[in-house]
Structures are given as structure tokens and as C-alpha cells.
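Have a look at the structure below, then the notes.
The values are calculated or read from the model by the stated rules, or taken from the named source; none is laboratory data. Predicted model, so just to flag it, every value in this text is computed and none were measured. Note: ideal-geometry Cβ built from the backbone for every residue, glycine included; neighbour counts use all protein chains shown. These accessible areas exclude ligands, DNA and RNA; they are computed on the full protein's heavy atoms, side chains included. Shrake-Rupley method; radii C 1.70, N 1.55, O 1.52, S 1.80 Å.
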Amino acid sequence: MATILVIEDDKQIRDWLEMLLIDDGHQVFLAEDGVKGMQRFHQYLPHLVITDINMPNKDGLEVIMELLKFNAKQLIIAMSGGFRNISANSNLDLASALGARAVLEKPFERSQLQALVELVLA
């Protein structure tokens, strides 16, 4: 179906997303932070990037800006569970304003992920 890059610092979530997306027929590449994510992006040029917002080294908002600077039409889904005093909604509102095509608040269900991936790739 599609080539998808997942950028997520939490290994359990990253592995879960990989399993779900592969089960749905996608080719999946993984990165544990924004720096490695950008390296993998330039290596594989995926159709879709799914990125967490709160990560070490380079956060998801920086990743979104860099991706869209490289390709203004890049498909991006941002996800967040919030961080310290910042709510998930605040992070996701910023991600949308920067150009993410869709957002997911953690925790989310498999069906929510599948629906958004289908919608964004359509």
C-alpha cells in the first residue's frame, strides 16, 4: 500500500504502530527521535510520516516544519499525549497549524489510526 515512517520515542508504542501498519499492508520504517527520523525520511522518502510531538533531540513540531520545508505536500499525522504542563490538544493544535494533515491524541484505538491513515493517504 504505502511507505510509512513512524517517529516515536516510546519503544512500546513504536513497535505497536509498526505491527498495526504492517498488518494493514504498509511498508514501515522506524525512528526513535526527530534527528533519526529526518535521516530515515531522506533515506526512504515515505508517502506518510507519523510523528510523536514530544521527543528528545528534535521534537515533532520541528520535524513537521523541516518535512514541509523539504516537501510542502508531505503527508503527516501528528500524535501526542501531552507533556508536563502542555496538553495534548495544545500540541496537536500547533501541529495542525504547522501543516500536519491529521492529529491523534494518545491513547488512541487501532480503528482511529486506521481511519486516519486511510483518510490521509486517499
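Would you kindly calculate the translational diffusion coefficient of the chain, applying Stokes-Einstein with the Kirkwood radius from alpha carbon pairs, for 20 °C and a viscosity of 1.002 mPa s, and quote it in µm² s⁻¹ without decimals?
Details: Rh = 13.9 Å.
D, rounded to a whole number, is 154 µm²/s.
Could you name the lysines whose alpha carbon sits less than 19 Å from that of Lys106, not counting residues in the same chain fewer than 8 places away?
Within the straight-line cut-off, Lys106 pairs with Lys11.
To make sure I understand the rule: partners must be lysines, Cα under 24 Å from the Cα of Lys69, and not fewer than 8 residues away in the same chain. Which ones qualify?
Reachable lysines: Lys36, Lys58.
I want the local charge near Lys69. Using Cβ-Cβ distances under 14 Å, sum +1 for each Lys or Arg and -1 for each Asp or Glu among the other residues.
Local net charge: 0.
In square angstrom, what is the accessible area per residue of the range 1-54 with a 1.4 angstrom probe?
45 Å²
Under a point spin-label approximation (7 Å from Cα along Cα-to-Cβ), what is the Glu118-Phe70 distance to one decimal in nm?
Calculated label separation equals 2.9 nm.
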